[in-house]
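Shown next, in structure tokens, is the structure this report addresses.
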Amino acid sequence: GVVGASNMEWCDRVAKARSDLDPALAITYPCKGMKPAVSAVVCMLTGSVDPSRANIILFTAREYIDGAMALGATLMEHLDHAHTHQLLLLREGFELAPDDLIRLKSVGWTIGAAPEFKLLNKYTPSYERYKTTYTKVTAIGLEEYKCVLLMDADTLVVGDISNLMTCNKFTKPHHRVAGTLDLDKGKWWGMNTGSILWRTSAKEMNRVLQLSQDDT
């Protein structure tokens with residue numbers, strides 16, 4: 001009926017927008033019943049899984065979950081939820097306790113899953129904490145949105161970002177990403193990817209995947 005059609009409207013949008021995306025790159029979340037949006041704030045929990053402990057995450061998991069709680073609370077205060085979704089994506093193997101799920105949903109998060117983004121060994125960071133961090137680039141493939149703001153779980157929003165999330169910062173066709181400058185040892189050396197705004201594109205995401213698998 002009419003109600004059912006409306007209930008699936010966003011799911012249909014997701015399927016159409018990602019029709020050309022490599023299935024291995026697909027981010028999933030419960031789209032049924034979600035209202036249409038222009039953009040999304042995305043936080044990913046990508047902590048490494050200790051194979052000897054099944055699906056139990058390394059000791060840093062609690063800090064990341066608490067960080068996502070704090071980030072969610074600040075987003076509820078500084079985000080226009082009529083136009084922007086709030087997605088918390090867990091990497092494969094990262095599981096949450098029922099109580100944590102309830103707490104995270106209470107501060108606005110829609111909980112979903114992010115695929116593993118594998119690199120050739122020679123490109124994989126040796127530091128354990130960073131081995132799975134490249135999962136975050138899969139946010140580029142969320143083409144159902146015009147743009148997504150990827151925020152780490154150790155970040156907070158301290159002012160209104162509704163205008164930023166209209167995606168109007170991308171004024172030229174070649175503009176693909178915007179980030180914050182990083183102050184390191186007194187100099188602004190580069191970008192801090194703890195908060196980064198992506199223009200979404202399934203085509204670009206496929207290209208990034210191909211580049212990551214090219215050993216030349």
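Structure summary
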{"read-out": "Which listed residue is at pLDDT 90 or above and either loosely packed, with under 14 Cβ neighbours inside 10 Å or of a type outside the set (A, V, I, L, M, F, W, C) (or both), from N192, N163", "value": "N163"}
{"read-out": "Filter pass, E63 being closer than 26 Å to V158 by Cβ, modelled with pLDDT of 95 or more, of a type in the set (D, E) and part of a helix (DSSP H, G or I)", "value": "no"}
{"read-out": "Residue, surrounded by the most Cβ atoms within 10 Å (Cβ to Cβ), within segment 28-46, restricted to residues that are within 12 Å of P115 (Cβ to Cβ) and modelled with pLDDT under 95", "value": "M44"}
{"read-out": "Residue pairs meeting the criteria (Cβ under 9 Å; at least 6 apart or on separate chains; first closer than 18 Å to M44 by Cβ and touching a residue at least 24 places away in the same chain (Cβ under 8 Å), in segment 68-80; second assigned to a helix (DSSP H, G or I) and of a type in the set (S, T, Y))", "value": "M69/S106; G72/S106"}
{"read-out": "Unique residue being crowded, with 17+ Cβ neighbours inside 10 Å, assigned to a loop (DSSP other than H, G, I, E, B) and either β-branched (V, I, T) or touching a residue at least 24 places away in the same chain (Cβ under 8 Å) (or both) when the list is T135, T155, T171", "value": "T155"}
{"read-out": "So L104, is it closer than 14 Å to L150 by Cα and touching a residue at least 12 places away in the same chain (Cβ under 8 Å)", "value": "no"}
{"read-out": "Residue check for L89: farther than 19 Å from I140 by Cα and surrounded by 15 or more Cβ atoms within 10 Å (Cβ to Cβ)", "value": "no"}
{"read-out": "Qualifying positions in segment 1-27 - modelled with pLDDT of 90 or more, assigned to a helix (DSSP H, G or I) and more than 29 Å from A97 (Cα to Cα)", "value": "E9, D12, R13, A15, K16, A17"}
{"read-out": "Among residues of segment 178-207, those that are aliphatic (A, V, I, L, M) and over 18 Å from E144 (Cβ atoms), counted", "value": "5"}
{"read-out": "Answer from V107, V157, V137, V148 - the residue that is in contact with a His (Cβ under 6 Å, 6 or more places away or on another chain), within 25 Å of M34 (Cβ to Cβ) and modelled with pLDDT of 85 or more", "value": "V157"}
{"read-out": "Breaking point among (1) assigned to a helix (DSSP H, G or I); (2) modelled with pLDDT under 95; (3) more than 19 Å from the chain's Cα centre (by Cα), for L101", "value": "(3)"}
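The values are calculated or read from the model by the stated rules, or taken from the named source; none is laboratory data. Quick caveat, the model's predicted, so the values are computed rather than measured. Glycine gets a Cβ as well: all are built from the backbone with ideal geometry, and neighbour counts include every protein chain shown.
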